[in-house]
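See structure below.
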Amino acid sequence: MHELAVTEAILKLVLATAARERARRVVTVSLRMGEMSDLKAVWIQRYFDHLAAGTVAEGARIAVESFPPSFSCNHCGHPFFQSLRTVDSIVCPLCGSGSCTLTGGMDYRVESVEIENGETRR
Ligand SMILES: [Zn+2]
């Protein structure tokens, strides 16, 4: 299961952030996930619930926001974003060429980690 390895990596990063910030609890983990990535948000939440049990990240909510894939035109080199949910084919918005290469949108990253800590800020 692909999501398990990804979730382990996410949890590691979240726990490192929590330790650095001396968090008592992790509330929300915001993920940005490429539309082209094959990760399923529901599985990430399930694995996270399991893996984070007994840590400060136990019970944290995973908030997933998707971003459209990016392309580069093979004809004129123009880079652009295009969601595949709204079009049937990829065409360069600059020169109209249908020959484009997928350059991003398969990956994910942790955008932010919302924590609670017991310290009073002065
Ligand atoms: Zn072009």
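Against the chain, whose longest principal axis is taken from its Cα atoms, helix 2-20 shows a tilt of about 50°. Where Lys and Arg each count +1 and Asp and Glu each count -1, what net charge lies around His2 among other residues with Cβ under 10 Å from its Cβ? Around His2, the surrounding residues sum to -1. Taking amide hydrogens as placed 1.01 Å from N in the peptide plane, the amide H of Arg61 sits under 5 Å from those of Thr28, Val29, each at least 5 positions away in sequence or on another chain. Solvent-accessible surface of segment 2-116, averaged per residue with a 1.4 angstrom probe and all protein chains in place: 58 square angstrom.
If you average the sequence gap of Cα pairs under 8 Å that are 6 or more apart and divide by the length of segment 41-122, what percent do you get for the contact order? Relative contact order of segment 41-122: 23 percent. If R0 equals 35 Å, the separation of the Cβ atoms of Asn117 and Arg46 corresponds to a calculated FRET efficiency of about 0.85.
Taking Cα atoms only, the orientation of helix 41-51 departs from the longest principal axis of the chain by about 30 degrees.
The values are calculated or read from the model by the stated rules, or taken from the named source; none is laboratory data. This one's a predicted model, so the numbers in the text were calculated from it and none came from an experiment. With ideal geometry, Cβ positions are generated from the backbone for all residues, glycine too; neighbour counts draw on all protein chains shown. The area values use the complete protein model at the heavy-atom level, side chains included, leaving out ligands, DNA and RNA. Shrake-Rupley method; radii C 1.70, N 1.55, O 1.52, S 1.80 Å.
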